[in-house]
Structures are given as C-alpha cells and as structure tokens.
Amino acid sequence: MAALVALLSVGAASDAKQAAVKLPAVKHVFVIMLENESYSATFGRPADFPYLAGTLVKRGALLSNYYATGHSSTDNYVSIVSGQPPNAQNQADCTTFTNFSGGKVLPDGVETGPGCVYPTAVKTIGNQLSAAGETWKAYEQDMGNNPHREAAACGHPALGQMDGTEEAVPGDGYAAKHDPFVYFHSVIDNSAYCKAHVVALGSPTGAMPKAALPGETGLATDLKKASTTPAFSLITPNLCDDGHDFPCTNQSSGASPAADIDSFLQTWVPKITGSPAFKQGGLLEITFDEAEDADSTACCGEIAGPGDPPPGGNGPGGGKVGALLISPFIKPGTVSDKPYNHYSSLASWELLLGLKRLGYAATVKSTFGADVFTGS
C-alpha cells in the first residue's frame, strides 16, 4: 500500500509538471486495439506490416518503448479504459461473467476482490466523459452479427454465465473479452446508456447488422460530421481483423495475421484521419493489448494489483508492444523512446480531455508530452 501511495503522489506531481507544458487542443481521441504481438514482430518488421509499420509510422509518432500492463486480453482492455490493475480472473479472460466478491473499492478507486464485472463505484473513462457532458462510444466489429450469440448494442453474457463469445463462429467474430466497457456495472446496469455507447462498428459504408437497434449508428456514419463524432472512440476489430485468429473462422483471412491487421487499418484509418473531427483536433492511437509468448516485462514503475496472482504468475506487465500516435499535432516520422504503458495512455487521454486520472493511471509519471506532440 505504501508503494501505491508513493506512486499516486508521483502521478500528481507529473500532472503539475504537465500543466506547465502546453498540451495541444485535442478534441477527439480514437483508439484501435489489436492483438497479441510484440514490438519486434510488428513495428520492428515493416516487411510483414507494410501499412502499419511502414506507411503509418511515417505519418505519426512511434512509441518504441511502450508496454502492456498484463496478460491475457481482458485485463489489458480493462486497464486502458479504467486504470484497474489485472487480477486472476481477467488474466484468465473471464470465461465466466462473474461479479466481484469479498473485496472493496479503495479510495483510489481500485477494486481489491476477485471477479470480472466491476461494481458501480468503479468508473471508466466513458463514465467520466458522460459526467463532464462529453460523448464516447465503443465500436465493436461484428457485434450483433449473430443476434442469438450477443446483442448488436451492449452485447455481453448474462451475469454468472459462461462467455459464449470466447471463440469466433461463422459470420461473427465479436469477443466480449475485447470489449472492456461491458465489464463495468457503471455502464451495463443502465441498459439505455450502455446501448447508446457500446455499439456495433458497422461496415465501411455505414451499413449496420440486421439486429441493430433503431437509430444505432456505426463509426463510418458518425465520422461524417464533427458534431456526431464522439470525444472518445474505442475501436475493436473482430477476432480475425485484430490478428488474434489465423486462419479465421468468421470470415476469409489473408495470407497472415499481419495481412488481416493491415487490411483492417487500410480500410478504417483513412476514414478516421480524413474526417472533419480528426482534422479539427484528433488523436489516433494504435496499439496491441499484450506481447506474445507470455512476456511479462513492464515499465513505468508498474506494481501488481491487489488481486494479481502471486509472484510467478503473469504479472505485473504484459511485455513491449509499441504504439503509434497520429495527429495534426504530431510531426510525421517522430520517434519517442520514452517508457509508456496502457496506464500512460489512459492518463494522457484524461489530461487532454480535462479529466481526473482513474485507478493506476494516477501512478504513472509518463504521459504524452513534447516528445510526442512535435507539430503543435
């Protein structure tokens, strides 16, 4: 606990230091989360990822020392939107959609008990934005393609039930474990709220799944005007297009997981960067949830959470994955070797959008600054 208190004070000091650095007027943050690759296999091999590691790297800021915060998937997705550290259940991908039990929420907002679906007192960046009168959405590819498997808005397993979306099925590669907002009662307990914010990605033309709710819009439609583009957008590809599965079950796959990832990015990145909202103050981040081969290296003084497995488990880190930031405020070809992790990303978005740091996002001193915003 003493270590956590010390780290929280480091985060507060970092905020004061950042206040002295003029941050750019970022109004819209877009995040694309990909799957299970180490930095050396992606950004380090542009021949395999010609679009991500070749074309796009030349357009933005490459964070060459960026780390995941745990293993496997769910814990990293949860960490990056809430600052909650990994625990034993979400490091096992929450195969059963269970409530927390036997723990408590600490003053810093961190839940200490075992479980998967966080109590109402635990907030996400989405809840923060709503409280501030700002907009947000999680765009989930394939959600609702098979309405017998999950709904096309706020799609998640029933509490206490096994997660039937762990693996792709023909025509549907949505995975709840890659949709972090459905693991929070502060989101899912208000059905209308959740359905308005956790939606199907839709097609590049704007077409939605047949099971979509009346008025539900995907990313392509929302990008048409700055006024309909959320302040924060989390974009989750399906189990094929994020590189998780190969060969793919839900659709035809390319020559490799890298080819599937590049194809998804080639479709969606130009739509994002060409949108009115992006041109008026956008920031796009592309990163991976965790490194391959159970790499548990960490950075930035990361400490294990109160619910982490004992020493010898998969904590505290998730290995070096790298990240790429693209923005009108970034000079193309920028490279930063400053250490960052998923908590750093959350803390940075919160600083840019005028929000308080959540959970372990308050423990990191490294947030995006002059090393990244080289064109502002």
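Since every read-out is calculated from the coordinates, none of them should be taken as a lab result. As the structure is a prediction and not an experimental result, all values here were calculated from the model. Counting neighbours? That spans all protein chains shown, and the Cβs are built from the backbone with ideal geometry, glycine included.
Projected onto the charge dipole of the chain (+1 at Lys/Arg Cβ, -1 at Asp/Glu Cβ, origin at the Cα centre), which of Ser345, Asn99, Gln251 gives the Cα projection farthest towards the positive end?
Ser345
Let a ≥ b ≥ c be the square roots of the eigenvalues of the Cα gyration tensor of segment 239-355; is it rounded (a/c under 1.5), or, if not, prolate (a/b larger than b/c) or oblate?
Here segment 239-355 falls in the oblate category.
Counting only other residues whose beta carbon sits under 13 Å from that of Gly115, what net charge do I get with K and R as +1, D and E as -1?
The answer is -1.
Shape of the chain from its Cα gyration tensor (a ≥ b ≥ c, root eigenvalues): rounded if a/c is under 1.5, otherwise prolate when a/b > b/c, or oblate?
The shape class here is rounded.
Cα gyration tensor of segment 124-242, axes a ≥ b ≥ c as square roots of the eigenvalues: rounded (a/c below 1.5), prolate (a/b > b/c) or oblate?
oblate
Considering the chain as a Gaussian network with a 10 Å cut-off on Cα pairs, which listed residue, Gly173, Gly317, Gly44, attains the greatest mean-square fluctuation?
The residue with the greatest mean-square fluctuation here is Gly44.
Indicate, rounded to the nearest 5 percent, the antiparallel portion of the DSSP beta bridges found entirely in the chain.
Counting only bridges with both partners in the chain, antiparallel ones make up about 30 percent.
Could you work out how much longer the chain between Thr112 and Leu159 gets when fully extended? Use 0.36 nm per residue separation minus the Cα distance between them, nm to one decimal.
Once the chain is fully extended between Thr112 and Leu159, it gains 15.0 nm.
Out of segment 101-205, which GluC sites (Glu not before Pro) are coil in DSSP terms and have no more than 13 other C-beta atoms within 10 Å?
For GluC sites (Glu not before Pro) across segment 101-205 that sit outside H, G, I, E and B with at most 13 neighbouring Cβ atoms in 10 Å, the list reads Glu167.
Which helices, counted as full DSSP H runs in the chain, have an axial Cα extent of no less than 24 Å and a Kyte-Doolittle average of -0.5 or above?
The qualifying helices are 2-19.
Compute the relative contact order of the chain as a whole-number percentage, counting only Cα pairs closer than 8 Å that sit 6 or more residues apart in sequence.
32
Can you spot the lysines whose alpha carbon is less than 25 Å from Lys210's alpha carbon? Ignore those fewer than 8 places along the same chain.
Filter leaves Lys137, Lys177, Lys195, Lys224, Lys225, Lys271.
Once you list every other residue whose beta carbon is under 12 Å from the beta carbon of Asp75, what net charge do they have if Lys and Arg are +1 and Asp and Glu are -1?
-3
Counting Lys and Arg as +1 and Asp and Glu as -1, each charge on the Cβ, what is the dipole of segment 188-255 about the Cα centre in debye, to the nearest 20?
280
Hey, can you rank 267-280, 57-70 by average C-beta count inside 10 Å, highest first?
57-70, 267-280
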